[in-house]
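Computed from the coordinates by the stated procedures, all read-outs in this text should not be read as laboratory data. Just so you know, these numbers come straight off a predicted model, no measurement behind them. With ideal geometry, Cβ positions are generated from the backbone for all residues, glycine too; neighbour counts draw on all protein chains shown.
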Amino acid sequence: MADIFEKLVKHYGPIGQHRERAHGYYAFPRLEGEINSRMKFRGKEVIVWSLNNYLGLANHPEIRKVDAEASAEYGLAYPMGARMMSGNTTLHEQLESELAAFENKEDAILLNYGYQGMISIIDAVCGRHDVIVYDAECHACIMDGMRMQLGHKFVFKHNDIADFEKQMERATALINKQNAGGILVISEGVFGMAGDQGKIKEIVELKKKFEFRLLVDDAHGFGTLGKTGAGAGEEQNCQDGIDLYFSTFAKSMASIGAFVAGDKIIIDYIRYNIRSQIFAKSLPMPFVAGNLKRLHMLQTMPELKAKLWSNAKHLQEGLKERGFDIGNTNTPVTPVYMKGGVEEATAMVMDLRENYGVFASIVVYPVIPKGHIIYRLIPSAAHSDEDIEITLKAFSETKVKLDAGEYKVAAIPDEWQSVAVDE
């Protein structure tokens, strides 16, 4: 019999295998100081493009005031216990009611975390006879939720409605054959890596042809899309066709927690059957009070979303004018696609951080195919025009170096080789 830990230290995984070189710099970096467009990284000021602080609420003085007052009044312990047993309060119910009204749904339930929440929703709704049909680029929380299910799953090519119909035909045939179960379709309002909206309206239209229920993860759309900020359903004028609308507070609200909204009878079922909430401590009161304040600001301060979009358009148009490929994004999420190997990518990131003061997240192999590099820039209402212009100049200059081969391993200066691990 082998020691179960033996396999762990032999195979740290596709990302973990690079831990010794990456830790503290490329992985688990420490950004310090007040959350803003500019923070400190390894003692130097950098312009940060890696925070989902879309509306700039993270350090808004009104938010800080409410967070502090709620913490002083209630502490982090109250309420004690799970919601079902002893952890319910009037403020929890108020936040649920206001979120439901904002999303034009009958009811909503609070969730402690977005990732955990999505896994638990799928677990509560789907049984072994049910079939899930999902977009190929759904978030990891959705993938992990499906891993818990014994039923069949059919994946359709990303935002490919023709393939969606094909998979729905397969799912429908299977349901008819087994004479049991139903179909849950899962997509996203905004796909967090590519920045394109899910084709929610087209999927809703196909309810006329197929029988299914639709769950939409709108983590990046809530607060950023739609006339009022209610998200992708409002943006695409199809909110009524979304059966379960899910979002997290960790993006536009710059907080902790999540929610799912829908018909009252279904939300009640979830409320009494979602194991991660039934058997977990209730969301602490400071987060509930703080999230109420954030929701009110989102609803009453449209200038925040307007500033976000102004910055997003400035950044995206500037990148396109300079010849960068930003894909098909139609949201603030701004991917930048480049060609190059892992070593080139890491050297380029280091150059941006050390010499240009620009902190941006990067995705390389094994997450994406070899030879490709994706930067993901997240503009926010907190960024300034100066932040954007400095970043555009930095990307232009480092792209010239990348294309000229200056980031090849042999060309990396000796002092760069150790900067990721030295303190």
- Taking amide H positions as placed 1.01 Å from N in the peptide plane, with prolines and chain starts having none, which residues 5 or more places from residue 358, or on another chain, fall under 5 Å of its amide H? 47, 353
- Net charge of Cβ neighbours under 12 Å - reference residue 384; Lys, Arg +1; Asp, Glu -1: -2
- Message: Less than 17 Å apart at the alpha-carbon level, and either on another chain or at least 8 residues along: which aspartates and glutamates does that give for residue 408?
- Response: 343, 344, 351, 397
- Note on the structure: For the chain, the longest principal axis of the Cα atoms and the Cα long axis of helix 61-74 enclose an angle in degrees, to the nearest 10, of 60 degrees
- Could you work out how far apart the two model spin labels at residue 71 and residue 2 are, taking each label as a point 7 Å from the Cα in the direction of the beta carbon, and quote it in nm? 4.6 nm
- Item | Overall Cα dimensions of the chain - principal axes, largest extent first, Å | 64, 55, 55
- Calculate how steeply helix 161-178 sits against the longest principal axis of the alpha-carbon atoms of the chain, using the helix alpha-carbon long axis, and give the answer as 0 to 90 degrees to the nearest 10. 40 degrees
- Message: Taking a ≥ b ≥ c as the square roots of the Cα gyration tensor eigenvalues, with a/c under 1.5 meaning rounded and otherwise prolate when a/b beats b/c, else oblate, which class fits segment 133-179?
- Response: oblate
- Along segment 262-278, what does the Karplus equation 6.51 cos²θ - 1.76 cosθ + 1.60 (θ = phi - 60°) give for ³J(HN,Hα), rounded to whole Hz, x for Gly and Pro? x, 4, 4, 5, 7, 5, 4, 4, 4, 4, 9, 9, 8, 4, 5, 9, 5
- Per-residue ³J(HN,Hα) for segment 387-403, Karplus 6.51 cos²θ - 1.76 cosθ + 1.60, θ = phi - 60°, Hz, x for Gly and Pro: 4, 5, 5, 4, 5, 4, 5, 4, 5, 4, 5, 6, 5, 4, 5, 4, 5
- Message: Give me log10 I(q)/I(0) at q = 0.19, 0.23 Å⁻¹ for segment 202-315, Debye formula, one equal scatterer per alpha-carbon, no solvent.
- Response: -1.12, -1.36
- Item | residue 157-residue 317 pseudo-label distance in nm [points 7 Å out on the Cα-to-Cβ vector] | 3.3 nm
- Query: In degrees from 0 to 90, rounded to the nearest 10, what is the angle of the helix 302-321 Cα long axis to the longest principal axis of the chain?
  - Reply: 50 degrees
- Message: Classify segment 314-356 from the C-alpha gyration tensor, please: rounded if a/c falls under 1.5, else prolate or oblate depending on whether a/b exceeds b/c.
- Response: prolate
- Message: How much length would be gained if the chain were fully extended between residue 97 and residue 400, taking 0.36 nm per residue of separation minus their Cα-Cα distance, in nm to one decimal?
- Response: 103.8 nm
- Message: What aspartates and glutamates does residue 177 reach when the alpha-carbon gap must be under 16 Å and sequence neighbours fewer than 8 apart in one chain are set aside?
- Response: 130, 169, 211
- Item | Under 27 Å from the Cα of residue 7 - lysines, other chains or at least 8 residues apart | 370
- Give me the distance between the Cα centres of segment 353-398 and segment 70-137, rounded to whole Å. 34 Å
- Message: Out of the trypsin sites (Lys or Arg not before Pro) in segment 8-52, which ones are loop residues according to DSSP with at most 10 other C-beta atoms within 10 Å?
- Response: 30
- Check residue 220: other-chain or 5+ apart residues with amide H under 5 Å from its amide H, H built from backbone geometry? 190
- Task: Pick out which of 75, 114, 13 has the largest mean-square fluctuation in a Gaussian network model of the chain, springs linking Cα atoms closer than 10 Å.
- Result: 13
- Note on the structure: Counting sequence-distant residues (5 or more places) and residues on other chains, those with an amide H built under 5 Å from that of residue 377 are 334, 336
- Query: How big is the Cα convex hull of segment 61-300 in projection, averaged over all directions, in nm²?
  - Reply: 12.5 nm²
- Item | Within segment 184-222: backbone nitrogen closer than 16 Å to the residue 170 label point (7 Å, Cα to C-beta) | 184-186
- Message: Which order do the peptides 222-228, 144-150 come out in when sorted by mean C-beta neighbours inside 10 angstrom, highest first?
- Response: 222-228, 144-150
- Distance in nm between residue 34 and residue 370 label points, each 7 Å along Cα→Cβ, equals 4.8 nm
